[in-house]
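Here's the structure we're looking at; comments come further down.
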Amino acid sequence: MTHKNFIQKRWTVHQRVFFFLIIAVLILGTLNTAKARGWLLPELRSWAVTKNVIQLDSLTLEQKIAQMVIVHGGVWNLDAWRNLQVGGIHLFALEKEKLYVDTITQFQQGMTIPFFVSVDLEGCQNPFALFYNSTSASDIFTVEDALMKGERDGAYLNQLGINLNYAPVVDLGDEIWRCRSFPGNEKNVSVLAASYIKGLQGEQVIATAKHYPGKTLVVHDPHKNLVVASIDRSDIYPYSYLFQESNVSAVMVSHLIVSGEVSSEGKPSVVSSSLVGSVKEKFKGLIISDEINMLGLKNFYKTKEEMYIAVFKAGNDLVLDFNEDPNEVYHMISVVSDAVRLGLIPAAQIDLSVRKILTAKGFSVQ
Amino acid sequence: MVSMRVWVIVNVSLGFVAILLLLNLFEIRLPSLGKAQYLLDKEEPLCAVQWKEDFNIWNDLDQCCLQARQQFTCDTSVQIFALKRFDKDCHTGQGNVIHYWLNNKAYRYCQQQVIWKG
């Protein structure tokens, strides 16, 4: 029996098709997994850091944009986020303290530029509620208690390796939760928030006053994704107070379309260059966008690419993008990089944001 | 010896899987069962926030999805508030913790969001 005859006898058409399909499924399955894990993304080159000094010009534009992004730090995307060298990871609730420590260690290990590691420990939101008690902001009435809460929360976050907290909430009139903001009028809220910030930042954790310019804790029209709110002087007061009287390091801008004391000129606040620009005039710290995958923001644009460009163009230093797909986050970085190259976003503005970020991470930037 | 019918069934199934994998690789999205359920469900999506005994409707569904996603777990549990039924309780721990309640329609909506996958 020749070899050819042997093959013909042993392999029927169905068997050959089966063999071909199995190979195809294995290859496609591997490619899908690799893509989902972000293994097909290009690895950005390593940073040049000498004695804690970074030369800004040594970074590629993509590296600069990536530093401006904070993603959800799911361990399934560990390799992707490390390869992309994004600016930070945000952590949701986990079952055990050790899981936080292990996750953060895995992310930070060997990174030349460490990630910002952020959480939402604010008001009555406590991602550590399974093992750490934190008094809700609504139960804090004195500056001493606010300071103590800030110090305690800060020490705990620092111990876990978390260096950025999206707190305190300084919006007034909490009609929905009734526990996220400090009690009292705008003056009480401001003084208590300043004290909390002092305590938190004293433990090397960046505090974030949110959500500029206010009115995010009130009931909105249920049938609208694009929410319009009228801002009055009392809404702005906590921010003006904190910018002057405290050393708050960050402020978060909301998606509300606002008019009144502050105007976003018919756009969501986070993409309003005039609104973000006016904050920059008064405040030299980090300006952080609220999470960008919200209909209130997305519905305002025909394409997501337009939205990406608008968010960066407005002047936000850090952009929260919790999209679980690393390919999409990389797409955003590419789109924004191209927009800078085309002159749609000033390169100097990006440099200023990256300088602020790296300085906040403890580097000297040249 | 495997019969021809079995080979045909196996090969057609594998072919189907290969097509799905190919479509997924090139990000050609097919309507999912979850999406179909969401569209067929004529109920209004609802989210509510519970802190201690206080229970309030929250109309910003996208933000509600984000907050619910940040919780440790979403349990199936029925709660009636203001004559409306809620089916999922998203929370972290017990006691004085914040609870985000969603009805099935809202929960299905949240699961389809890019922040929920993973």
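Non-local amide H neighbours of A:Leu286 (under 5 Å, H modeled in plane, Pro and chain starts lacking H): which ones?
A:Ala250, A:Val251
From largest to smallest, what semi-axes in whole angstrom does the stretch B:31-111 give when each is the square root of 5 times an eigenvalue of its alpha carbon gyration tensor? Intermediate results must be reported in sequence, preceding the final value.
On the way: eigenvalues 89, 38, 22 Å².
Sorted largest first and rounded, they come to 21, 14, 10 Å.
Which angle between 0 and 90 degrees, to the nearest 10, do you get for helix A:186-201 versus the longest principal axis of chain A when only C-alpha atoms count?
The angle comes out at about 50 degrees.
Amide H of A:His90 versus every other amide H placed in the peptide plane: which residues, excluding those fewer than 5 positions away on the same chain, fall under 5 Å?
Correct list: A:Val71, A:His72, A:Gly73, A:Ser118.
Going down the table (A:Lys313/B:Lys35; B:Lys42/B:Lys84; A:Lys187/A:Lys282; A:Lys198/A:Lys356; A:Lys298/B:Lys105), which pairs top 26 Å between alpha carbons?
On the way: A:Lys313/B:Lys35 34 Å; B:Lys42/B:Lys84 14 Å; A:Lys187/A:Lys282 19 Å; A:Lys198/A:Lys356 20 Å; A:Lys298/B:Lys105 21 Å.
Pairs exceeding 26 Å: A:Lys313/B:Lys35.
Using only Cα atoms, tell me the angle between helix A:347-360 and the longest principal axis of chain A; keep it within 0 to 90° and round to the nearest 10.
80 degrees
If you average the sequence gap of Cα pairs under 8 Å that are 6 or more apart and divide by the length of chain A, what percent do you get for the contact order? Don't skip to the answer; put the middle values down first.
Numbers: 678 pairs, mean separation 59.6, N = 366.
That works out to 16 percent.
Across the stretch A:317-323, in residue order, what do the Karplus-derived ³J(HN,Hα) couplings come to in whole Hz, using 6.51 cos²θ - 1.76 cosθ + 1.60 with θ = phi - 60° and x for Gly and Pro?
Per residue, the Karplus-derived 3J(HN,Hα) values read 7, 10, 10, 7, 10, 8, 4 Hz.
Per residue of chain A, what 222 nm ellipticity follows from adding -39500 (n - 2.57) for every DSSP H run with n ≥ 4, rounded to the nearest 500? Before the final figure, lay out each step's value.
Details: 13 runs with 159 residues, N = 366.
Calculated mean residue ellipticity at 222 nm is -13500 deg cm²/dmol.
Pairs A:Lys267/A:Lys302; A:Lys51/A:Lys361; A:Lys35/A:Lys64: which exceed 21 Å Cα-Cα? Write out the running numbers ahead of the final one.
Numbers: A:Lys267/A:Lys302 14 Å; A:Lys51/A:Lys361 14 Å; A:Lys35/A:Lys64 23 Å.
Exceeds cut-off: A:Lys35/A:Lys64.
Please figure out what share of the DSSP beta bridges in the protein assembly as shown is antiparallel and state it in percent, rounded to the nearest 5. Display every interim value, and only then the final one.
Details: 23 of 51 bridges.
The antiparallel fraction comes to roughly 45 percent.
Answer with one residue from A:Val253, A:Leu41, A:Cys179: the one whose Cα lies farthest towards the positive end of the charge dipole of chain A, charges on Cβ with Lys, Arg +1 and Asp, Glu -1.
A:Leu41
When the Karplus curve 6.51 cos²θ - 1.76 cosθ + 1.60 is applied with θ = phi - 60°, which whole-Hz ³J(HN,Hα) does each residue of the stretch A:105-113 get, with x for Gly and Pro?
Values per residue, Gly and Pro as x: 4, 4, 5, 7, 4, x, 6, 5, 9 Hz.
Starting from the Cα-Cα distance between A:Trp76 and A:Asp139, subtract it from 0.36 nm times their residue separation and give me the gain in nm to one decimal.
Details: separation 63, 0.36 × 63 = 22.68 nm, distance 3.73 nm.
Answer, rounded to one decimal: 18.9 nm.
About the Cα centre of chain A, what is the dipole size in debye to 20, counting +1 per Lys and Arg Cβ and -1 per Asp and Glu Cβ, all else neutral?
Details: 34 positive and 37 negative charges, 327 e Å.
The dipole of chain A has a size of about 1560 debye.
Cross-link partners among aspartates and glutamates for A:Lys149, C-alpha distance below 16 Å, same-chain residues fewer than 8 apart left out?
Qualifying aspartates and glutamates at Cα under 16 Å: A:Asp120, A:Glu122, A:Asp139, A:Glu203.
Quick check for you: which residues of the stretch A:279-306 have the amide N under 16 Å from the point 7 Å beyond the Cα of A:Ser240 toward its beta carbon?
What the label zone holds, given the 16 Å backbone N cut-off, is A:279-283.
How many nm is it between the label spots at A:Asn52 and A:Asp102, if each spot is 7 Å from the Cα in line with the beta carbon?
It works out to 3.3 nm between the two label points.
Using only helices, what value at 222 nm comes out for chain B when you add -39,500 (n - 2.57) per DSSP H run of length 4 or more and divide by the total residues, to the nearest 500 deg cm²/dmol?
Values: 4 runs with 47 residues, N = 118.
The helix contribution divided over chain B gives -12500 deg cm²/dmol.
Name the residue farthest towards the positive end of the dipole of the stretch A:304-364 from the options A:Val329, A:Ile357, A:Tyr308, assuming +1 on Cβ of Lys and Arg, -1 on Cβ of Asp and Glu, about the Cα centre.
Farthest towards the positive end: A:Ile357.
Once Lys and Arg get +1 and Asp and Glu get -1 on their Cβ, which of A:Trp76, A:Ser134, A:Val189 lies farthest toward the positive end of the dipole of chain A?
Checking the options against the dipole of chain A, the answer is A:Trp76.
Counting C-alpha atoms alone, how compact is chain A: give Rg to one decimal and Dmax as a whole number, in angstrom.
Just the Cα atoms of chain A yield Rg and Dmax of 23.8, 96 Å.
Treat each spin label as a single point 7 Å out from the Cα along the C-beta direction, and report the A:Gln366 to B:Leu23 distance in nm.
5.6 nm
Helices from chain B with mean Kyte-Doolittle at least 1.6 and a Cα length along the axis of 18 Å or more, per DSSP H: which?
Values: long enough: B:4-25 (31 Å, 2.08).
Span-like helices, by this rule, are B:4-25.
For chain B, what's the relative contact order in percent, using C-alpha pairs closer than 8 Å and at least 6 residues apart? It would help to have the intermediate numbers written out before the result.
On the way: 146 pairs, mean separation 29.2, N = 118.
25 percent.
Each residue of the stretch A:116-128 in turn: what ³J(HN,Hα) in whole Hz from Karplus with 6.51, -1.76, 1.60 and θ = phi - 60°, glycine and Pro shown as x?
5, 10, 10, 9, 10, 9, 8, x, 10, 8, 9, x, 9
Magnitude of the Cβ-charge dipole of chain B, K/R +1 and D/E -1, about the Cα centre, nearest 20 debye?
On the way: 12 positive and 11 negative charges, 91 e Å.
Here chain B has a charge dipole of around 440 debye.
A short reminder: the numbers here are calculations on the coordinates, not readings from a lab. No experiment lies behind these values; they were computed from the predicted model shown. Cβ atoms come from the backbone with ideal geometry, glycine included; neighbour counts cover every protein chain shown.
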